[in-house]
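Working notes for the structure below.
The values are calculated or read from the model by the stated rules, or taken from the named source; none is laboratory data. Please read all numbers here as calculations on a predicted model, not as lab measurements. Cβ coordinates were reconstructed from backbone atoms using ideal geometry, including for glycine residues, and neighbour counts include every protein chain displayed.
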Amino acid sequence: MPLIDTHPDALASVYARGLLDLAEAKGGRSTIEAVQSELEDILEMARGDAKFNEFLASRVVATKDRAESLKRIFEGQVNDLTLRFLLVLNRKGRLSHLVPIVGAYDALVQERFGRIEVDVLTAAPMSQDEVRHARDRLSNVLGKEVVVHPYTDSTMIGGVKFRIGDQLVDASLATRLRKLKDRLNSSGMSDVRSKIERIVEG
């Protein structure tokens, strides 16, 4: 079975809080962020490699064998705390819960440092300047340090979508066109023409 791809729950929050406390005690912000980055990289590996995903989540693989494999894969490659955390999850049969645990940890880190992560979806890839501009504007609006994650959505025809946690702010061209169509259908073309005439005459 694959990793459980669910939102953080009470169990995930308990593990995430314990990890955050350990990371803070070990090295403060630098360790907290190093562990965060490494866990996210591990999840990306699992999403991109079905065999690795199955290895992490499978109930068939013996706990002891998986622990040895985890050490061979990650020893010297990640922070000692990250590896020890993976081994604890393995020993307790919770590795399949890694996705919501990392989600809960990310949320705690953002809260701790007054930071918020925003997914920015556009029809075409964003340049570095566009990413910086989006980050600065979002930081001004939200009043927090913003980390922008740019994504390309081939279904979009223009505009932009912002995803903050579970909230999606849709400013895409397709959505604006749909809203315009709805307004035209509800108010009627005569109302629209009269507004245009007032603008022209004014």
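The set of residues in segment 107-121 that are out of contact with any helix residue (DSSP H, G or I) (no Cβ under 9 Å at 6 or more places or on another chain) and charged (D, E, K, R) comprises Glu111, Asp119.
Checked against the criterion of being in contact with a strand residue (DSSP E or B) (Cβ under 7 Å, 6 or more places away or on another chain) and surrounded by 19 or more Cβ atoms within 10 Å (Cβ to Cβ), segment 85-92 contains not a single residue that satisfies it. Looking at Lys71, is it modelled with pLDDT of 90 or more, surrounded by 13 or more Cβ atoms within 10 Å (Cβ to Cβ) and more than 17 Å from Gln110 (Cα to Cα)? So Lys71 passes the test.
For segment 105-134, the tally of residues that are surrounded by 12 or more Cβ atoms within 10 Å (Cβ to Cβ), under 30 Å from Asp9 (Cβ atoms) and of a type outside the set (Gly, Ala, Ser) stands at 14.
Within segment 97-114, residues that are at negative phi have Cβ atoms under 6 Å from residues that are among the small types (Gly, Ala, Ser) and at pLDDT 90 or above in these pairs: Ile101/Ala16; Ala104/Ser13; Ala104/Ala16; Tyr105/Ala16; Leu108/Ala16, counting only partners at least 6 apart in sequence or on another chain. Filtered by the rule that a residue be out of contact with any helix residue (DSSP H, G or I) (no Cβ under 6 Å at 6 or more places or on another chain) and farther than 30 Å from Arg29 by Cβ, segment 39-62 gives Asp49, Ala50, Lys51, Glu54, Phe55, Ser58, Arg59, Val60, Val61, Ala62.
For segment 57-162, please list each of the helices (runs of 4 or more DSSP H) lying entirely inside it that holds at least 3 residues being among the acidic types (Asp, Glu). Talk me through it step by step, then tell me what you get.
Numbers: elements: 63-74, 80-91, 98-112, 128-142.
Of the helices (runs of 4 or more DSSP H) lying wholly inside segment 57-162, those with at least 3 residues that are among the acidic types (Asp, Glu) span 128-142.
Out of the residues in segment 8-21 meeting the condition of being of a type outside the set (D, E, K, R) and under 17 Å from Phe113 (Cβ atoms), tell me which one is nearest to the chain's Cα centre (by Cα). Residue satisfying both the conditions and the ranking: Ala16.
Within segment 140-160, residues that are modelled with pLDDT of 80 or more reach partners that are in a loop (DSSP other than H, G, I, E, B) and of a type outside the set (Val, Ile, Thr) with beta carbons closer than 6 Å, at six or more positions or on different chains, in the pairs Pro150/Met126; Thr152/Pro125.
Between Glu54, Glu68, the distinction of being within 15 Å of Leu83 (Cα to Cα) and acidic (Asp, Glu) belongs to Glu68 only.
Counting residues in segment 35-48 that are over 19 Å from Ala12 (Cβ atoms) and within 19 Å of the chain's Cα centre (by Cα) gives one or more.
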